[in-house]
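K.L.:
Here it is, the structure in full.
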Amino acid sequence: MRSLVRRVRGGSKAAAYRLTKGVLHRFGYDFEIFPRSSRDAHASKNADESFYRKWRSPSPVWAPWRGEPDFRDAYDGVEPYTVVSGDRCQVLYRLGNQALSVDGDFAECGVYRGGTALLLSRVLEGHGKTLHLFDSFEGLPAPDPTRDPDLEEGVFKATSAREVGALLGGFSGPLRIHQGWIPSTFDGLNDSRFAFVHIDVDLYRSTLDCLEYFYPRLSAGAVVVFDDYGFPAARGEKNAVDEFFSDRPEAPLALPTGQAIVTKLP
Ligand SMILES: C[S@@+](CC[C@H](N)C(=O)[O-])C[C@H]1O[C@@H](n2cnc3c(N)ncnc32)[C@H](O)[C@@H]1O
């Protein structure tokens, strides 16, 4: 310890920072200091900015998305058709499997080229539940400039319902592709019940519309996964989720993957 103090005193602030970080790292801790200018810039943009941090574990963690056999088989061929990273897909896969024992169907809002829908179809194979897919297949609708300032209309339009149908052609269970704008594509589905919903629509209004439709139709124990809850560019999605659950008993759980999950209480 004495030599550590001597080295800190004798070196520059940067050297002391590196040294302290190295010592703490050995004990499993990590920290970061942002320069004042960057802190001020962040703070002026959004009061919550200091909570947006890179996540990394100082020690190795169980990482089944890197090839654990069960997940690897379900994930095979998914990656080229999704913008959702492997660690997030692994969350969908695990929670989807858990939801197989819950009453109701599966749904995905925000399908794009169909990668995560393909993964969910693999989870559902042989279980008889319907997979509902909702997307305009014309990309994002016009964002609200105050709520979704970092997103643009028309992003994710390089796809079609036909291509997604073909990608999921091997799925033997019931598949319903609802092409068009949310929430009008929920019309006529009043009596449905859901066990699992993946909400990946990025925008404030789209996310809120999904929650207003699905929440009352979730069975007890059903799981909802929000793909972009933690990403600064999709803060509209987070705001919609936080507002919606502010007066409900379920507590959205933010994951280090950027997703959030909610489990419906009885
Ligand atoms: C990030 S992408 C989905 C990514 C996809 N889950 C994957 O595996 O790559 C978001 C999608 O949400 C859709 N979307 C957003 N708001 C919508 C709305 N109000 N109605 C229909 N589709 C919407 C867009 O068309 C886009 O395809």
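K.L.:
Those residues that are closer than 21 Å to THR116 by Cα and assigned to a strand (DSSP E or B), I need them from segment 208-246; list them, please.
P.N.:
LEU218, ALA222, VAL223, VAL224, VAL225, PHE226
K.L.:
Just to be sure before I move on: is VAL102 part of a helix (DSSP H, G or I), within 16 Å of VAL224 (Cβ to Cβ) and of a type outside the set (Gly, Ala, Ser) in the structure I sent? First the steps, then the outcome.
P.N.:
Working: part of a helix (DSSP H, G or I): no; within 16 Å of VAL224 (Cβ to Cβ): yes; of a type outside the set (Gly, Ala, Ser): yes.
No; evaluated as a whole, the condition is false for this residue.
K.L.:
Got a number for residues in segment 156-170 being free of Cβ contacts under 8 Å to residues at least 24 places away in the same chain and near the ligand (Cβ under 9 Å from one of its atoms)?
P.N.:
1
K.L.:
Could you give me the residue pairs with C-beta distances under 8 Å whose first residue belongs to segment 74-102 and is more than 19 Å from ALA220 (Cα to Cα) and acidic (Asp, Glu), whose second residue is modelled with pLDDT of 95 or more and assigned to a helix (DSSP H, G or I) wherever it lies, and which are 6+ apart or on separate chains?
P.N.:
Final answer for the pair search is GLU79/GLY86; GLU79/GLY115.
K.L.:
Would segment 225-246 turn up any residue that is more than 16 Å from ALA99 (Cβ to Cβ), basic (Lys, Arg) and free of Cβ contacts under 8 Å to residues at least 24 places away in the same chain?
P.N.:
yes
K.L.:
Next question, about the same structure. Scan segment 40-80 for residues that are among the aliphatic types (A, V, I, L, M), modelled with pLDDT under 90 and not in a loop (DSSP other than H, G, I, E, B) and jot them down.
P.N.:
ALA41, ALA43
K.L.:
Continuing with the same structure: Mind checking which residues of segment 131-153 are more than 29 Å from PRO174 (Cα to Cα) and in contact (Cβ under 8 Å) with a residue 12 or more places away in the chain? Break it down stepwise before answering.
P.N.:
The initial filter retains those residues of segment 131-153 that are more than 29 Å from PRO174 (Cα to Cα), namely 142-153.
Listed by number, the residues that qualify are PRO143, ASP144, ARG147, ASP148, ASP150, LEU151, GLU152, GLU153.
K.L.:
Quick check: is even one residue across segment 81-94 assigned to a helix (DSSP H, G or I), among the polar types (S, T, N, Q) and either touching a Phe, Trp or Tyr at 6+ places or on another chain (Cβ under 8 Å) or modelled with pLDDT under 90 (or both)? First the steps, then the outcome.
P.N.:
We begin by selecting, within segment 81-94, every residue assigned to a helix (DSSP H, G or I); these are 81, 86-94.
Now restrict to residues that are among the polar types (S, T, N, Q): 90.
Subsequent filtering for residues that are either touching a Phe, Trp or Tyr at 6+ places or on another chain (Cβ under 8 Å) or modelled with pLDDT under 90 (or both) retains 90.
The answer is yes; a qualifying residue exists.
K.L.:
Is it fair to say LEU120 is under 16 Å from VAL225 (Cβ atoms) and touching a strand residue (DSSP E or B) at 6+ places or on another chain (Cβ under 7 Å)?
P.N.:
So LEU120 fits the description; yes.
K.L.:
Moving on to the next point. Mind checking whether some residue in segment 175-189 is in contact (Cβ under 8 Å) with a residue 60 or more places away in the chain and farther than 17 Å from THR130 by Cα?
P.N.:
yes
K.L.:
Could you tell me which residue of segment 105-122 is farthest from the ligand (Cβ to nearest atom), considering only residues that are more than 13 Å from LEU175 (Cβ to Cβ) and not in a strand (DSSP E or B)?
P.N.:
Keep residues of segment 105-122 that are more than 13 Å from LEU175 (Cβ to Cβ), which gives 109-110, 112-113, 115-116, 119.
The next check asks that each one be not in a strand (DSSP E or B); those that pass are 110, 112-113, 115-116, 119.
Numbers: GLY110: 3, TYR112: 4, ARG113: 6, GLY115: 4, THR116: 4, LEU119: 8 Å.
Checking each candidate, the answer is LEU119.
K.L.:
Looking at PHE194, PHE231, PHE156, which one is among the aromatic types (Phe, Trp, Tyr) and over 26 Å from LEU124 (Cβ atoms)? Steps first, answer last, please.
P.N.:
Working: PHE194 fails: over 26 Å from LEU124 (Cβ atoms); PHE156 fails: over 26 Å from LEU124 (Cβ atoms).
Answer to the check: PHE231.
K.L.:
Across segment 163-187, what is the total count of residues that are in contact with a strand residue (DSSP E or B) (Cβ under 9 Å, 6 or more places away or on another chain) and in a helix (DSSP H, G or I)?
P.N.:
The number of residues fulfilling the criteria is 4.
The values are calculated or read from the model by the stated rules, or taken from the named source; none is laboratory data. Being a predicted model, the structure only gives us computed values, none of them experimental. Counting neighbours? That spans all protein chains shown, and the Cβs are built from the backbone with ideal geometry, glycine included.
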